[in-house]
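K.L.:
I have a structure here, written as structure tokens, and I will follow up with some questions on it.
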Amino acid sequence: MPFTFSIYDFTGFTQWIDTALRSACSPFWAVLWEMVIVGVLFLAFYAVVGLYLVYAERKVCAFIQNRVGPNRVGPYGFFQTIADLIKLLMKELIPIKQADKLLFNLAPFIVIITSFLALAAIPYAKGLHPIDLNIGVFYIMAISSMGVVGILLAGWSSNSKYSLLGAMRSGAQIISYELSVGLSLITICVLAGSMQLSTIVEGQRDLWFIFKGHIPAITAFVIYMIAATAETNRGPFDLAEAESELAAGFHTEYSGIKFAFFFLAEYMNMFIVASLAATIFWGGWMPLHVPGLEGFNHVMDFIPPVLWYVGKTVVIILIMMWFKWTFPRLRIDQLLTLEWKFLLPISLVNILIMAFIVLMGWYIGL
Amino acid sequence: MAEEIIIKEADEQEISINMGPQHPSTHGVLRLVLSLKGEIVNKVEPHCGYIHRGIEKMTESMTYQQIIHLTDRLDYLSAHINNGAVCLAVEKALEVEVSERVKVIRTIMDELNRIASHQLWWCSFGMDLGGLTCFFYGLRDREKILDIFEETTGSRLIQSYYCPGGLMADLHPNFQTKVKEFIKYFRKILPEYDELLSGNIIMMERAIGMGLLTKEQAISYGVTGPSGRGSGFSCDVRKHHPYHAYDKVKFNEVLRTEGDTYARYMVRMDEMRESMNIIEQLIDNIPEGDYVAKMKPVIKLPEGEYYQRVEAARGEFGVYIISKGEKNPYRMKLRSPNFSNLSSLDLMARGNKIADLVAIGGSLDYVIPDIDR
Amino acid sequence: MREIFNYLKSVFFALKSLWTGMKVTGAYFFKPWKIVTQQYPENRKKLQMYERTKGELVMPHNEKNEHQCTACGICQLNCPNGTIEVKSVTVETTDGKKKKVLDKYIYNLGMCTFCGLCVKVCPSDAIVFSNKFEHAVFNKNKLVKTLNKEGSTLKKGAE
């Protein structure tokens, strides 16, 4: 069908910047300046989104609990997180005796860098896709697996028995649930026929994958939501950090800006996981099209794709926050039972069903 | 907050850990010394006494009217019920007959207090398990009961409303309407509690089959109240030794036989419904009469020993007075339900994990000032 | 085969129970009119406490600056922990009899347990509980209050 939303196409804009830079200086410097621009934009994006996700969580939590949430610092408490950030920055960085200093200082950076790297591969709008690898999904999975290293390093180098315990538990949890995340993403790659994220988004032009691959796609979505919540140590799976029984988890010994890094990385991980779900299951920046209703599709196209992307991500983030504030916590053995005895077998069977459906052509739409 | 004393790490890798006096999950200042083997609990040793205030000794220098305000502060979540125990003991000793109005009002206040106490138990149980919204829902509904108390008695938590011979003041004119409104409201909200926590698969996995206490063990440890009734031990003082107006109302004693955390949980949820039934039967028929009987200004109990037991929200609360004919008791001993309940924590927690210990403690619902007095 | 069926049934039961829980909290998220928080310092003008709230002990004085305390000291005897101290002086009345008259009525708000015994036993209804509740001070000595005002006298006919 014709490309009806060319006014929202950012490729023209980015091409213009590229040609302007290349005409102004040598190709090496042009590419370098482009990388600097993108890097600075991402840093700003990361910081702002991280801060406002914390604020949003506090407000959502408050509304669910029949109370108001932060409402005094700034209008509707808008600047509350900034005040918290300033307080954290001014705190004393307590050096631990006999802690492995290199690893202790390295761990928060590893966690932040991996979430930063994953942010670069997600399509935000047509033409606003920083790195379009042909193994996009695989790349994101690989990068998020590296985050576990940061957590284990943090627990080990703190030289405290409880940090180590918390880090081991968290590590086991994340490694187990990565399997389910990967398998549910593979289900959709089977449907789409490729791992490249831009192809996946384009392939949802007629209908989003969650509707196209009916039963297996919905099952994959549910499994993905549960597994992704567990991967980011959130929600009912947060025993590693909210363990009010004995220890406060792997980041007990961190204070000040390093603690802020862990905290921020957790919220950004949630953002990445949510935007991945929005891209792969709900169509990314592609508006909702129904095959056959041309008028409806034209109306939907008027809403800019960036808004579609942001809206879908926000809805999925709200669902994840909804999980956290409703359910009690799982114990570690129940968590691992859930993964290995329930989610994994169901994902495997699901892939078989999806492959069968793709072969027989029994999906809705083209 | 959590220190570590390694006792015999060499042979069995068993470590001894303090769940110290300041801890978010032990509700109050209680020190639990746990012996852990990996994650399994081998032994739990409670060390209490951090909030011992010498209440029993203080009562030896106070008159009987002044003792009432001390019993409030024992198990502060069943303040009215504890007051009732001392008042009944004194009235029994002096053979004073209180009017029907007083009995009915005392029953209604006791049952409202029981509902408020169970609401607070529900909030903190949900919070211990990790579902933080339960805390706010329970407290929001408890505020309505506290408003009713404040209108009549003047205080929310610690009221000192009863006195030997009757009540300190008569009911506020709005009392009946407000209680009826509350019952209508709460009957609609209680299914929400069930939907949120009781039927939840996560909570059921964590509670069913954990912390088993058989009926014989409950009887031998003296575990009374909802914790004992969850194991099948029929120990409701309101049924076996009725006081106030309990012999005139119809209600069921909630019993379950499984003896695990889930059974204790469901006993308390059902008890809230039974309390509402009791209040509904009484609220429209409060008889007219005096709110206080004629008593001498200085109360002197005749020589002898007197015992009175009541059903507090957590178990059987007993008051034992030895009097030598003076205006102060010679010795007053308080049988606290939480002390006996806590002694069964060791038995129930063995072989379970640390996370279960928190859930079991929450289902026992102990209030530390009652243990230490 | 039956085991697979039980397995799937347990999965559906679990998901259904989770969904019922989520419906409860989700419903509250979309109903901001049910918020129960009161914005305290801003709503002070409209705040009304119940009349029987035990906030602080006061000695009501009428327009002629008269109170009803006869300095009998019964409240001091009945107070469980020595919160009240009644200071009286002996004066000669017009008929030559010696009478006790209230000099200072000292009440320690920091020690009061609000049991209400003093109000109950007072024979002349001189003291009552008021419902003012904002008592925070920076210096504990400010909590020791003298309840009878300057230059007040006993109301005629109160005994």
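K.L.:
Restricting the first residue to the stretch B:97-119 and requiring it to be free of Cβ contacts under 8 Å to residues at least 60 places away in the same chain, which pairs with a second residue that is surrounded by fewer than 23 Cβ atoms within 10 Å (Cβ to Cβ) meet a Cβ separation below 6 Å and a spacing of at least six or different chains?
P.N.:
Going by the 6 Å Cβ cut-off, the qualifying pairs are B:Ala116/B:Arg142; B:Ala116/B:Ile145.
K.L.:
Related question: Identify the single condition in (1) part of a helix (DSSP H, G or I); (2) more than 21 Å from B:Phe149 (Cβ to Cβ) that B:Leu88 does not satisfy, given that it satisfies every other one.
P.N.:
(2)
K.L.:
Being loosely packed, with under 15 Cβ neighbours inside 10 Å and either of a type in the set (D, E, K, R) or under 30 Å from B:Tyr185 (Cβ atoms) (or both) narrows it down to one of B:Glu316, B:Glu326, B:Glu274, so name that one. Talk me through it step by step, then tell me what you get.
P.N.:
Details: B:Glu316 fails: loosely packed, with under 15 Cβ neighbours inside 10 Å; B:Glu274 fails: loosely packed, with under 15 Cβ neighbours inside 10 Å.
Going through B:Glu316, B:Glu326, B:Glu274 in turn, the sole match is B:Glu326.
K.L.:
Only residues in the stretch A:15-39 that are closer than 22 Å to A:Leu119 by Cα and outside the structural domain of A:Phe116 (by TED's automatic domain parsing) count as the first member; pair them with residues that are at pLDDT below 85 and in a loop (DSSP other than H, G, I, E, B), Cβ under 7 angstrom, at least 6 apart or cross-chain, and list the lot.
P.N.:
Short answer, once both residue conditions are applied: A:Val38/A:Pro130.
K.L.:
Sticking with this one: Looking only at the stretch A:303-326, count how many residues are more than 17 Å from A:Thr229 (Cα to Cα) and touching a residue at least 12 places away in the same chain (Cβ under 8 Å). Explain how you work it out, then say what you get.
P.N.:
Narrowing the stretch A:303-326 to residues more than 17 Å from A:Thr229 (Cα to Cα): A:303-311.
Filter again for touching a residue at least 12 places away in the same chain (Cβ under 8 Å), leaving A:303-306, A:308-309.
Going through the stretch A:303-326 one residue at a time, the tally reaches 6.
K.L.:
Would it be correct to say that C:Lys132 is within 14 Å of another protein chain (Cβ to nearest Cβ), charged (D, E, K, R), surrounded by 13 or more Cβ atoms within 10 Å (Cβ to Cβ) and within 26 Å of B:Gln66 (Cβ to Cβ)?
P.N.:
On the way: within 14 Å of another protein chain (Cβ to nearest Cβ): yes; charged (D, E, K, R): yes; surrounded by 13 or more Cβ atoms within 10 Å (Cβ to Cβ): no; within 26 Å of B:Gln66 (Cβ to Cβ): yes.
In short, no.
K.L.:
For the stretch B:11-59, which residues satisfy the criterion of being in a strand (DSSP E or B), under 21 Å from the mean Cα position of the chain (by Cα) and surrounded by fewer than 18 Cβ atoms within 10 Å (Cβ to Cβ)?
P.N.:
Matches in the stretch B:11-59: B:Arg31, B:His47.
K.L.:
Would you check if B:Ser155 is assigned to a loop (DSSP other than H, G, I, E, B) and either surrounded by fewer than 19 Cβ atoms within 10 Å (Cβ to Cβ) or more than 10 Å from chain A (Cβ to nearest Cβ) (or both)? Full working, then the answer.
P.N.:
Numbers: assigned to a loop (DSSP other than H, G, I, E, B): yes; either surrounded by fewer than 19 Cβ atoms within 10 Å (Cβ to Cβ) or more than 10 Å from chain A (Cβ to nearest Cβ) (or both): yes.
For B:Ser155, the condition - assigned to a loop (DSSP other than H, G, I, E, B) and either surrounded by fewer than 19 Cβ atoms within 10 Å (Cβ to Cβ) or more than 10 Å from chain A (Cβ to nearest Cβ) (or both) - is met.
K.L.:
Among the residues of the stretch A:324-339, is any basic (Lys, Arg) and in a helix (DSSP H, G or I)? Step through it out loud before you land on a result.
P.N.:
From the stretch A:324-339, those basic (Lys, Arg) are A:324, A:329, A:331; that's our starting set.
Subsequent filtering for residues that are in a helix (DSSP H, G or I) retains A:324.
Checking the stretch A:324-339: at least one residue is basic (Lys, Arg) and in a helix (DSSP H, G or I).
K.L.:
Among the candidates A:Ala217, A:Ala228, single out the residue that is in contact with a Phe, Trp or Tyr (Cβ under 7 Å, 6 or more places away or on another chain) and at pLDDT 85 or above. Steps first, please.
P.N.:
Working: A:Ala228 fails: in contact with a Phe, Trp or Tyr (Cβ under 7 Å, 6 or more places away or on another chain).
Testing whether each residue is in contact with a Phe, Trp or Tyr (Cβ under 7 Å, 6 or more places away or on another chain) and at pLDDT 85 or above leaves just A:Ala217.
K.L.:
Another one. Going through the stretch B:199-214 one residue at a time, which ones are buried (at least 19 other Cβ atoms within 10 Å of the Cβ) and either more than 9 Å from every other protein chain (Cβ to nearest Cβ) or polar (S, T, N, Q) (or both)?
P.N.:
Those that are buried (at least 19 other Cβ atoms within 10 Å of the Cβ) and either more than 9 Å from every other protein chain (Cβ to nearest Cβ) or polar (S, T, N, Q) (or both): B:Asn200, B:Ala207, B:Met210, B:Gly211, B:Leu213.
K.L.:
Moving on to the next point. In the stretch B:337-368, what residues are away from chain A (no Cβ under 13 Å), surrounded by 20 or more Cβ atoms within 10 Å (Cβ to Cβ) and farther than 17 Å from B:Gly222 by Cα?
P.N.:
Residue satisfying the conditions is B:Ile368 alone.
K.L.:
Okay, next question. What number goes with the only condition from (1) outside any loop (DSSP other than H, G, I, E, B); (2) farther than 20 Å from A:Lys324 by Cα; (3) facing chain B (nearest Cβ under 9 Å) that C:Val36 does not pass?
P.N.:
It fails just one condition, (1).
K.L.:
Just to be sure I understand, how many residues within the stretch B:219-271 are in contact (Cβ under 8 Å) with a residue 60 or more places away in the chain, in contact with a Lys or Arg (Cβ under 8 Å, 6 or more places away or on another chain), among the aliphatic types (A, V, I, L, M) and within 22 Å of B:Ser336 (Cα to Cα)?
P.N.:
1
K.L.:
Give the residues of the stretch C:81-96 that are surrounded by 20 or more Cβ atoms within 10 Å (Cβ to Cβ) and part of a loop (DSSP other than H, G, I, E, B), sorted by residue number.
P.N.:
Across the stretch C:81-96, the qualifying residue is only C:Thr83.
K.L.:
(1) more than 18 Å from the chain's Cα centre (by Cα); (2) buried (at least 18 other Cβ atoms within 10 Å of the Cβ): which one isn't true of B:Leu334, the others all being true?
P.N.:
The single condition B:Leu334 does not satisfy is (1).
K.L.:
Quick check, is C:Lys99 surrounded by fewer than 17 Cβ atoms within 10 Å (Cβ to Cβ), out of contact with any helix residue (DSSP H, G or I) (no Cβ under 9 Å at 6 or more places or on another chain) and not hydroxyl-bearing (Ser, Thr, Tyr)?
P.N.:
Numbers: surrounded by fewer than 17 Cβ atoms within 10 Å (Cβ to Cβ): yes; out of contact with any helix residue (DSSP H, G or I) (no Cβ under 9 Å at 6 or more places or on another chain): yes; not hydroxyl-bearing (Ser, Thr, Tyr): yes.
Considered against the rule, which asks whether it is surrounded by fewer than 17 Cβ atoms within 10 Å (Cβ to Cβ), out of contact with any helix residue (DSSP H, G or I) (no Cβ under 9 Å at 6 or more places or on another chain) and not hydroxyl-bearing (Ser, Thr, Tyr), C:Lys99 comes out as yes.
K.L.:
Give B:Leu120, B:Leu74, B:Leu146, B:Leu171 a once-over and let me know the one that is part of a loop (DSSP other than H, G, I, E, B), more than 14 Å from chain A (Cβ to nearest Cβ) and touching a Leu at 6+ places or on another chain (Cβ under 9 Å).
P.N.:
Working: B:Leu120 fails: part of a loop (DSSP other than H, G, I, E, B); B:Leu146 fails: part of a loop (DSSP other than H, G, I, E, B); B:Leu171 fails: touching a Leu at 6+ places or on another chain (Cβ under 9 Å).
That would be B:Leu74, the only listed residue that is part of a loop (DSSP other than H, G, I, E, B), more than 14 Å from chain A (Cβ to nearest Cβ) and touching a Leu at 6+ places or on another chain (Cβ under 9 Å).
K.L.:
Another question, then. Hey, which of the helices (runs of 4 or more DSSP H) in the stretch A:71-169, taking only ones fully inside, have at least 1 residues that are of a type outside the set (Phe, Trp, Tyr), buried (at least 21 other Cβ atoms within 10 Å of the Cβ) and modelled with pLDDT under 85?
P.N.:
Numbers: elements: A:80-89, A:101-119, A:136-157.
Of the helices (runs of 4 or more DSSP H) lying wholly inside the stretch A:71-169, those with at least 1 residues that are of a type outside the set (Phe, Trp, Tyr), buried (at least 21 other Cβ atoms within 10 Å of the Cβ) and modelled with pLDDT under 85 span A:136-157.
The values are calculated or read from the model by the stated rules, or taken from the named source; none is laboratory data. As the structure is a computational prediction, the values presented were derived from the model and not from experiment. Note that we place each Cβ from the backbone using ideal geometry, even for glycine, and neighbour counts take in every protein chain shown.
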